[in-house]
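The values are calculated or read from the model by the stated rules, or taken from the named source; none is laboratory data. Keep in mind that this is a model prediction, so the values were computed, not measured. FYI the Cβ positions are ideal-geometry reconstructions off the backbone, even for glycines, and counts take in every protein chain you see. Protein only, heavy atoms only, side chains kept; ligands, DNA and RNA dropped before computing areas. Shrake-Rupley method; radii C 1.70, N 1.55, O 1.52, S 1.80 Å.
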Amino acid sequence: MDIKEISYGEFPEICGLNKRFKPGGRKLKVVLDVFVPRSKKKINFSLIYRKLLKLLPTLERHKCGENLFNNLRNHKEIPSHKVEQITHIAHLIEHVIIDLQSNVTKLNSCSGITCGYKNPEHRFDLFIECKEEKVGKFSVFFAVDLVKRLLVGKSPSKRDFRLVKLVKYLYRRTSLLGLNQLISLQAKIASDLGWTKRSVVSLLRELENFGLLDSKKALPNLRSL
Ligand SMILES: [Zn+2]
């Protein structure tokens, strides 16, 4: 999996592709190369979906034009053709991004679309409505990294649960201050969330590397994910 590009804008040219897009709304555009892990001929999407629900329970409420979620819930046959598999993966990532960022920024509704390239066929453009660019970008890095791990049989980790909880907390309480300001609040954050100060500081540093906190530091190296 490889994030080739993330940009933020209106992209009026694609509004006709999903009638739920709000006119004039800002969106994230993600160009994503998707590969099936070599060790995995068959992917159990239904299991991946159930694992995702533990971390992001509101995924269950998503309405999807492609019936992705109905198929996963009803355990219908999952496509085995390679192009269909990677399309499924890209589409699942779109929904993880939607869920995460709309939960953090409290969007009432958020629509998106996944468009596959004819050539190369492993490349996709994802367009997702987004209120806060930084939260949107964080959600892209997080979603791609998470789905990559789930595809090789892992489950969401304690760190995943904590990062999601911390981002929601910071967005609501502190409007995503800079790292040093947040480190000075570590005792308060630790006591509010019931974690150790050490764990708070280490997760804050991760969020800074994701480009989420106010900082002059550049975004992480895209390929490192
Ligand atoms: Zn969908």
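Looking only at the stretch 1-50, which residues are part of a helix (DSSP H, G or I) and aromatic (Phe, Trp, Tyr)?
Within the stretch 1-50, Phe45, Tyr49 qualify.
Sort out which residues of the stretch 1-37 are free of Cβ contacts under 8 Å to residues at least 24 places away in the same chain, within 21 Å of the chain's Cα centre (by Cα) and open to solvent by 50 Å² or more (accessible area, probe 1.4 Å), and write them in order of number.
The one that is free of Cβ contacts under 8 Å to residues at least 24 places away in the same chain, within 21 Å of the chain's Cα centre (by Cα) and open to solvent by 50 Å² or more (accessible area, probe 1.4 Å): Glu10.
How about the stretch 64-153: which helices (runs of 4 or more DSSP H) wholly inside it have at least 1 residues that are modelled with pLDDT of 95 or more?
82-104, 133-151
Note down all Cβ pairs under 8 Å where the first residue falls in the stretch 51-66 and is of a type in the set (Val, Ile, Thr), the second is more than 8 Å from the ligand (Cβ to nearest atom), and they're at least six residues apart or on different chains.
Within 8 Å, the pairs are Thr58/Asp99; Thr58/Asn103.
Out of (1) surrounded by 17 or more Cβ atoms within 10 Å (Cβ to Cβ); (2) at pLDDT 95 or above, what's the single condition that is false for Phe161?
The failed condition is (1).
Would you check which residues across the stretch 118-142 are touching a Phe, Trp or Tyr at 6+ places or on another chain (Cβ under 7 Å) and open to solvent by 30 Å² or more (accessible area, probe 1.4 Å) and list them?
Listed by number, the residues that qualify are His122, Arg123, Glu133.
What about Lys40, is it closer than 13 Å to Val147 by Cβ, open to solvent by 40 Å² or more (accessible area, probe 1.4 Å) and not acidic (Asp, Glu)?
yes
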